[in-house]
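Undergrad: Attaching a single structure in structure tokens format; questions to follow.
The values are calculated or read from the model by the stated rules, or taken from the named source; none is laboratory data. Here the structure is a predicted model, which is why all the values come from computation and not from measurement. When we count neighbours, we look across all protein chains shown, and the Cβ atoms used for this are built from the backbone with ideal geometry, even at glycine. With ligands, DNA and RNA removed, areas are computed over all heavy atoms of the protein, side chains included. Shrake-Rupley method; radii C 1.70, N 1.55, O 1.52, S 1.80 Å.
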Amino acid sequence: MVFLFEDTRGARPRLRFLRSGGALSWADVFAFLLLAAAAVLVVHGAGQMSQPLAQLDVAPVVLDPANLPEYALRTTLRMFAALAASLVFTFTVAMLAARSRKAEMVIIPALDILQSVPVLGFLTFTVTFFMGLFPGRQLGAECAAIFAIFTSQAWNMAFSFYQSLRTLPKDLTEVSRQFGFSPWLRFVRLEVPFATPGLVWNIMMSMSGGWFFVVASEAITVGDTTVALPGIGSWLALAIAQRDVAAVGWAVAAMAVVIGLYDQLVFRPVVAWADKFRFEQTASQQRPRSWLYDLVRRTRLMRRLLAPFGWPLRWLAAIPRPHLPPLPRLRISAATGRLLDRLWLGVVILAVAWAVWLVAGFIATSLHWSDVLAAFGFGLATLARVVVLIAVASLIWVPIGMWIGLRPAWAGRVQPLAQFLAAFPANVLFPFAVTAIVVWRLDPDIWLSPLMVLGTQWYILFNVIAGAGAIPTDMREAASIYGIRGWQWWRQLGLPGIFPYYVTGALTASGGSWNASIVAEAVSWGDRHVEAAGLGAFIARATEAGDFPRVALGIAVMSIFVIAFNRILWRPLYGFAERRLRID
């Protein structure tokens, strides 16, 4: 017998006495076992993360397959901790940027800059800070690794949520105003549900993006500071350094198992749940399915046990909007409004100029103009690679993503494979790339370039799948009834339907390719080293040598290129999608 809280309609929650035999089912038992196993693993992994830092010297990373389950658990916990932080960041920052034009003037350029800063750039300046917060404990290094993974996840999710809020249908916004929704109620009942389908696919892409940089996040080397946290990333770094092909294969197998597990236990149920938030007026003919989601819906006892955790949110959402007299609004003329906007823009420009002055002063202490010109030359080489790779990836993945997104059954089959390919670290291909370039005397400037887009091209695929799935079923049926096919279908329905999502994916893929250049333009396999001329190789060399002025110069030049590229191309496309391609 157990005591349960029962959430009755229109009444306060109360205790209800219930016989266990009448409440339990096989679904309850299975769900309880899954939750218990997850809780045990989380508690065990969290306990290991708080061990003394000296424990890493006593029990260093070794290439023993028996250790891989423990390493996989530690890496997975870091990934999900970073994902939780990325969600909080997304809901806070993207919502503020979408609701306030003045905040948008600061936040969106800041996101452009931050997504262009490579993971190594963050690690260079944050490892010492986090380790100083927890001296002598592994928790400092763990926080540094989690923050590095966070920087590979957050920007994509923030851009996705921002794009969804900016393309929110006007009729839904008007209805929420007529019903007097409070800002919180509008957020939880309108904005988050509308953005959920696209956000879920971007969450999966962000998770895979974290895997792409897991080697740099767990095997931290900045100057004289070297920390190898137990995990699949540090295992891969050690295997590459020792030229152990079998160990690399074991790491890839462990990644495949972990990705398959959290796809079945986390993401596939979330995709099935998120399908109910699609914006359409007719029922979907094919819905994504998940055995775990169906099982949870059949549970009785577990749902009642977990119900109290949802009460705070439901009560908070149900708080009525107080009927207060409207605040007096300050009426200003159009000229005054423009003046205030210019003043705010001036403040932002002054803040940016001050930051640039500080960075320039730090760089000028040991570098010369020739170093700056060389960095810009390397930036142009990397820019050429990024433009060509994004164009090729778009031509390949937009039609494929559209085909998959319009067929939810196929989306469920492709989902785990796409996650694995997106998570596939470029480091795994280093043995083949280095060997091929050395044996066949290939040009590294050309043949290392595909490694840059290896992990970032999937941003385009995932967002196109999300966009195709979000096209309302009634529009598809209308196009079928009127016989709209071929290029006319693409021009009038397909491309307009996915365009806002494609812009988000291509923008993030572009920024991710710049970030991936750090890994792809300078590759090693044991004592063999192959390098392409580019800004990524420039930053990688400076980071390994602990040359902080050159690291700062490389990051500054990369930020300039990314911001200019986004402002010239992607931001105008964002505006076009917002004005012309929203569903009203």
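Undergrad: Considering each of Leu238, Leu261 in turn, give the residue that is without any contact (Cβ under 8 Å) to a residue 24 or more places away in the chain, open to solvent by 10 Å² or more (accessible area, probe 1.4 Å), aliphatic (A, V, I, L, M) and out of contact with any Ser or Thr (no Cβ under 6 Å at 6 or more places or on another chain).
TA: Just one listed residue meets the conditions, Leu261.
Undergrad: What pairs can you find where one residue is in region 41-64 and touching a residue at least 24 places away in the same chain (Cβ under 8 Å), the other is in a loop (DSSP other than H, G, I, E, B), and their Cβ atoms are less than 7 Å apart, with a gap of 6+ or different chains?
TA: Pro52/Gly136; Leu53/Gly136; Val61/Pro230; Leu63/Asp244
Undergrad: Could you tell me how many of the residues in region 456-488 are part of a loop (DSSP other than H, G, I, E, B) and of a type outside the set (Phe, Trp, Tyr)?
TA: Taking region 456-488 and keeping what is part of a loop (DSSP other than H, G, I, E, B), we get 456, 471-472, 482-485.
Subsequent filtering for residues that are of a type outside the set (Phe, Trp, Tyr) retains 456, 471-472, 483-485.
Number of matching residues: 6.
Undergrad: Inspect all residues belonging to region 529-539 and state whether any of them is part of a helix (DSSP H, G or I) and either closer than 18 Å to Phe161 by Cα or open to solvent by 40 Å² or more (accessible area, probe 1.4 Å) (or both).
TA: No, the conditions are met nowhere in region 529-539.
Undergrad: Return a yes/no flag: does region 119-132 have any residue that is in contact with a Cys (Cβ under 7 Å, 6 or more places away or on another chain) and open to solvent by 10 Å² or more (accessible area, probe 1.4 Å). Break it down into steps so the answer makes sense when it comes.
TA: Pass one, region 119-132, residues in contact with a Cys (Cβ under 7 Å, 6 or more places away or on another chain): 130.
Applying the additional criterion that residues be open to solvent by 10 Å² or more (accessible area, probe 1.4 Å) yields 130.
Looking for residues that are in contact with a Cys (Cβ under 7 Å, 6 or more places away or on another chain) and open to solvent by 10 Å² or more (accessible area, probe 1.4 Å), one finds at least one in region 119-132, hence yes.
Undergrad: When region 360-370 is examined, which residues are found to be open to solvent by 60 Å² or more (accessible area, probe 1.4 Å), over 11 Å from Arg550 (Cα atoms) and not polar (S, T, N, Q)?
TA: Answer for region 360-370, where residues must be open to solvent by 60 Å² or more (accessible area, probe 1.4 Å), over 11 Å from Arg550 (Cα atoms) and not polar (S, T, N, Q): just Trp369.
Undergrad: Collect the residues in region 65-120 that are outside any helix (DSSP H, G or I) and in contact with a Leu (Cβ under 6 Å, 6 or more places away or on another chain), keeping them in residue-number order.
TA: Passing the criteria: none in range.
Undergrad: When only residues in region 438-450 that are modelled with pLDDT of 80 or more and either hydroxyl-bearing (Ser, Thr, Tyr) or assigned to a helix (DSSP H, G or I) (or both) count, which is least open to solvent (accessible area, probe 1.4 Å)?
TA: Among those residues, the one meeting the criterion is Ser449.
Undergrad: Here's another thing I want to ask about it. Of all residues in region 362-392 being in a helix (DSSP H, G or I) and of a type in the set (S, T, N, Q), which is modelled with the lowest pLDDT?
TA: Residue satisfying both the conditions and the ranking: Ser370.
Undergrad: Please find, within region 90-112, the residue that is nearest to Ser510 (Cα to Cα) out of those that are of a type in the set (Val, Ile, Thr) and modelled with pLDDT under 85.
TA: Only one residue tops the list, namely Ile108.
Undergrad: Here is a further query. What's the total number of residues in region 217-235 that are open to solvent by 20 Å² or more (accessible area, probe 1.4 Å) and either on the phi > 0 side of the Ramachandran plot or modelled with pLDDT under 80 (or both)?
TA: Counting residues in region 217-235 that are open to solvent by 20 Å² or more (accessible area, probe 1.4 Å) and either on the phi > 0 side of the Ramachandran plot or modelled with pLDDT under 80 (or both) gives 6.
Undergrad: Which one of Val523, Val562 is part of a strand (DSSP E or B), touching a helix residue (DSSP H, G or I) at 6+ places or on another chain (Cβ under 8 Å) and open to solvent by less than 10 Å² (accessible area, probe 1.4 Å)?
TA: Working: Val562 fails: part of a strand (DSSP E or B).
Step by step, each of Val523, Val562 is checked, and only Val523 is part of a strand (DSSP E or B), touching a helix residue (DSSP H, G or I) at 6+ places or on another chain (Cβ under 8 Å) and open to solvent by less than 10 Å² (accessible area, probe 1.4 Å).
Undergrad: Still on this structure, I have one more. Name the one entry in Leu367, Leu406, Leu395 that is of a type in the set (A, V, I, L, M, F, W, C) and either free of Cβ contacts under 8 Å to residues at least 60 places away in the same chain or in contact with a His (Cβ under 9 Å, 6 or more places away or on another chain) (or both).
TA: Details: Leu367 fails: either free of Cβ contacts under 8 Å to residues at least 60 places away in the same chain or in contact with a His (Cβ under 9 Å, 6 or more places away or on another chain) (or both); Leu406 fails: either free of Cβ contacts under 8 Å to residues at least 60 places away in the same chain or in contact with a His (Cβ under 9 Å, 6 or more places away or on another chain) (or both).
Within the list Leu367, Leu406, Leu395, the selection yields Leu395.
Undergrad: What's the number of the only condition in (1) in contact with a helix residue (DSSP H, G or I) (Cβ under 6 Å, 6 or more places away or on another chain); (2) open to solvent by less than 10 Å² (accessible area, probe 1.4 Å); (3) part of a helix (DSSP H, G or I) that Pro549 fails to meet?
TA: (2)
Undergrad: To continue, here is another question. Of everything in region 33-55, what is within 12 Å of Leu139 (Cβ to Cβ) and part of a helix (DSSP H, G or I)? Give them in sequence order.
TA: Within region 33-55, Ala46, Gly47, Gln48, Met49, Gln55 meet the criteria.
Undergrad: Follow-up. Regarding Arg74, is this residue among the charged types (D, E, K, R) and open to solvent by less than 50 Å² (accessible area, probe 1.4 Å)?
TA: Values: among the charged types (D, E, K, R): yes; open to solvent by less than 50 Å² (accessible area, probe 1.4 Å): yes.
So Arg74 fits the description; yes.
Undergrad: In the set Arg166, Arg137, which member is over 25 Å from Ser234 (Cβ atoms), of a type in the set (Lys, Arg) and open to solvent by 20 Å² or more (accessible area, probe 1.4 Å)?
TA: None of the others qualify; the one that does is Arg166.
Undergrad: If Ala317 satisfies all but one of (1) open to solvent by 80 Å² or more (accessible area, probe 1.4 Å); (2) modelled with pLDDT under 80, what's the number of the condition it fails?
TA: So the condition that Ala317 fails would be (1).
Undergrad: Further question: Among the residues in region 204-218, are any touching a residue at least 12 places away in the same chain (Cβ under 8 Å), farther than 30 Å from Arg166 by Cα and among the polar types (S, T, N, Q)?
TA: Yes, that holds for at least one residue.
Undergrad: Search region 282-297 for residues that are closer than 20 Å to Val200 by Cα and of a type outside the set (Phe, Trp, Tyr) and pair each with any residue that is at pLDDT below 75 and exposed (fewer than 13 other Cβ atoms within 10 Å of the Cβ) when their beta-carbon atoms are under 9 Å apart and the residues are at least 6 apart or on different chains.
TA: So the pair list comes out as Gln286/Ala409; Pro288/Ala409; Arg289/Ala409.
Undergrad: Further, regarding this structure: Does Val519 count as on the phi < 0 side of the Ramachandran plot, hydrophobic (A, V, I, L, M, F, W, C) and at pLDDT 80 or above?
TA: no
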